[in-house]
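For reference, the structure is listed below as structure tokens.
No lab work stands behind these numbers, since they all come straight from the coordinates. Quick caveat, the model's predicted, so the values are computed rather than measured. Please note: Cβ atoms are built from the backbone with ideal geometry, for glycine as well, and neighbour counts cover all protein chains shown.
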Amino acid sequence: MSLLEVNDLHVQLQTQRGPAEAVRGIGFTLERGETLGIVGESGCGKSITVQSLMGLLPSSAKLSGSIRFDGKELVGLPEREMCKLRGDRIGMIFQEPMTALNPVHTIARQVGEPLRLHRGLSSADARKEALALLERVGIPDAASRLDAYPHQFSGGQRQRIGIAMALACGPDLLIADEPTTALDVTIQKQILELIRGLVAERGMALILISHDLGVIAESVSKMLVMYGGSVVESGPTAAVFAERAHPYTQGLFAARPALGAPRGLKLATIRGSVPELVDLPAGCPFAGRCRFTVDACQATRPPPVLLPHDHRVRCIRLDEIAAEGVIA
Amino acid sequence: MTQRFDPDPKSAALLEVTDLVRHYTLPRERLFGPPPMVKALNGVSFSVRPGRSLGIVGESGSGKSTIARLVMALDRPTSGSVKLLGRDLHALPKDQLRAARRDVQMVFQDPYGSLDPRQTVARIVAEPLEALAETSRAEQREAAGDSLAAVGLRATDLNKYPHEFSGGQRQRIAIARALITRPKLIVADEPVSALDVSVQAQVLNLMQDLQQQFGISYLLISHDLAVVNHLCDEVCVLHRGLVVERGAPQQLFAHAQHPYTQALLAAVPRPEPLTCA
């Protein structure tokens, strides 16, 4: 049995312009110890997907489909039950370490909180555990800084504290939503190394969300490319990076400025702009922006096409694209 | 075009920054102790020639944004000078500084925070002209329309408010506002770091087009080496308020000499997977 099985997950959000389908029928599985990356741009549904795993969606959101975590169905699970999983079996690292930490509590208290809640540890024991965790995530001189407050730490150190909190109960699944977006590149490198090291050491599964293809390439073994609430391409990271079969994936790769590229080159852009969720077409979400669009793309959602290495692409025009030999 | 002030014949540079130092005094921690200082810039010099662009890269706290503030004359240096077209901006009287500001405009990082939500796009874009107080309302509106057209927006967008636009479009509005005085230099502080990859590409291409079309120079401040590489002829690597290395980006990124530049380059995640699943 897989650790996590997501099947045909739909999330409908209530917006000012009426109901919008933010996630439309996505599915994936994750084994213990496996690492999965989700890449996509703002509004593609990547954060909504992991928020639905954590039960953190707004109460007006409508969830359907199935999320089975270690055999247990999470869709429709009462809040009381969800609370037992959250922070215990599933840990989460957030993008903005300053807002993820409570400014009025000491770090020892915050890191020890999941242990007191889920494991029933006494304050003294939780404090001892918190010290071990803070040392593990590399807070220098942690013993003397247990009673410090979040504002006394730098951004990178705050993110380390956030990681210590997520790890406290030894979760089976760690979710990191853009964990390094707010950090400098050299700090980003340290934090990603820390996360990779911890995942390998503890045998956790990891879901890493990022808009940065470089971060995904260095950190996970398989990946999903999301656009307009759908997974347009998925598979082993190496296969997706080598093939870039979906036109959106190609566009995403081509749009990045490359280090060391000669000057004066134009970046390839994806024409048009990301449609609002309410306005998404019925068929392929990328139809209209894609230069291979035909009428059939607009009509129905393309089924997944299976390529070698368990690499799946939702596009009906793969043959035509391959014929042009476009690798962006 | 009328010459607004005489450029110093000895200096061909558009912008000449010499030995710029900026130390900030923090509030005292102890009653009789010396107040702590933050040494944001410790003697930075560089110049930008007309039509060429300079990138400044470095991490948080390296002094990048302090440079932007000093070049824009939004803050005064502890010592050193900023010369635009041969004139020391920090020595100019107020009224002349105001006039000199038409040659240098700024684009900020956050397109959500840098546009007033209660003003129409027409007012936002025309504001630099209003500050110069040389043109009528109608002329300002016409200029705003032209400026919007240059960044790929429509004249009908003039009556809209910022919330009606996406992040990429807002950054275009901010660029249109910077363009309206026909500046020679645009200081862009992290202009694309708040944008998605595909939108970032559109804005970078636009900046490149505008450079060719109007001969604008950019002083581009960024933590993203690839962005600087794309847009600039020269790059300065800033570390703790000092320029540790400079050169043409392709050359510099291929053969970095300074350990800090090397560390910065090594930390950039590469989009090639390391392991095969």
Separation in nanometres of the label points that stand 7 Å from Cα toward Cβ, at residue A:148 and residue A:62: 4.9 nm
For region A:47-61, Karplus couplings with θ = phi - 60° (6.51, -1.76, 1.60), whole Hz, Gly/Pro x: 6, 4, 4, 6, 5, 5, 5, 8, x, 10, 6, x, 5, 7, 6
For region B:95-100, Karplus couplings with θ = phi - 60° (6.51, -1.76, 1.60), whole Hz, Gly/Pro x: 5, 6, 4, 4, 5, 5
Net charge contributed by nearby residues that have their C-beta within less than 10 Å of residue A:94 (K/R +1, D/E -1): -3
Residue with peak Gaussian network fluctuation, chain A [Cα springs, cutoff 10 Å], from A:255, A:176, A:22: A:255
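Assigning unit charges at the beta carbon (Lys, Arg +1; Asp, Glu -1) and nothing else, what dipole magnitude in debye, to the nearest 20, does chain B show about its Cα centre? Let's see the in-between values first.
Details: 31 positive and 29 negative charges, 120 e Å.
Rounded to the nearest 20 debye, it is 580 debye.
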Net lengthening on full extension, residue A:294/residue A:310 (0.36 nm per residue, minus Cα-Cα): 3.1 nm
14 Å beta-carbon shell around residue B:155, net charge (K/R +1, D/E -1): +1
Share of pairwise Cα separations in region A:249-328, more than 17 Å, in percent: 57 percent
³J(HN,Hα), Karplus 6.51/-1.76/1.60, whole Hz, each residue of region B:47-56, x for Gly, Pro: 9, 10, 8, x, x, 9, 10, 10, x, 10
Cα-based reach from residue A:189 at 16 Å (exclusive), listing lysines while leaving out same-chain residues under 8 positions away: none
Centroid-to-centroid separation of region A:65-90 and region B:63-114 [C-alpha atoms, Å]: 55 Å
Per-pair calculated FRET efficiency, R0 = 25 Å: residue A:263 and residue B:88 via Cβ, rounded to 0.05: 0.20
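Which of B:218, B:161 has the fewest other C-beta atoms within 10 Å, and how do the rest follow up to the most?
Values: B:218 24, B:161 14.
Ascending number of Cβ neighbours within 10 Å: B:161, B:218.
Determine, from the Cβ-Cβ distance of residue A:102 and residue A:196 and an R0 of 25 Å, the FRET efficiency 1/(1 + (r/R0)^6), rounded to the nearest 0.05. Mind showing how you got there, number by number?
Details: r = 27 Å, r/R0 = 1.10.
According to the calculation, E is roughly 0.35.
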Residues of type lysines that residue A:266 reaches as a straight line, Cα spacing below 20 Å, ignoring anything fewer than 8 places off in the same chain: none
Region B:190-277 pair-distance distribution - Cα-Cα, 5 Å bins, rounded %: 3, 12, 20, 22, 18, 14, 7, 2, 1, 0
Folded to 0 to 90 degrees: helix A:155-167 orientation relative to chain A principal axis, Cα: 80 degrees
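Please compute the length gained on full extension between residue B:138 and residue B:248, using 0.36 nm multiplied by the number of residues separating them and subtracting their Cα-Cα distance.
Numbers: separation 110, 0.36 × 110 = 39.60 nm, distance 4.38 nm.
Fully extending the segment from residue B:138 to residue B:248 adds 35.2 nm.
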Residue A:15 long-range amide H proximity, modeled H, under 5 Å: A:20
Inter-chain Cβ neighbour average for residues B:191-199, partner chain, 10 Å: 6
Nearest-ten-degree value, helix A:123-136 long axis tilted from longest Cα axis of chain A: 50 degrees
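So what is the calculated 222 nm ellipticity per residue for chain A, using -39500 (n - 2.57) for each DSSP H run with n of 4 or more, over all residues, to the nearest 500 deg cm²/dmol? Display every interim value, and only then the final one.
Numbers: 12 runs with 113 residues, N = 328.
Helix-only estimate at 222 nm: -10000 deg cm²/dmol.
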Cross-link partners of residue A:84 among lysines (Cα-Cα below 23 Å; sequence separation of 8 or more within a chain): A:62, A:72, A:128
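Write down the percent of antiparallel bridges among all DSSP beta bridges whose residues are both part of chain A, to the nearest 5.
Values: 30 of 49 bridges.
Looking only at bridges with both residues in chain A, the antiparallel portion is about 60 percent.
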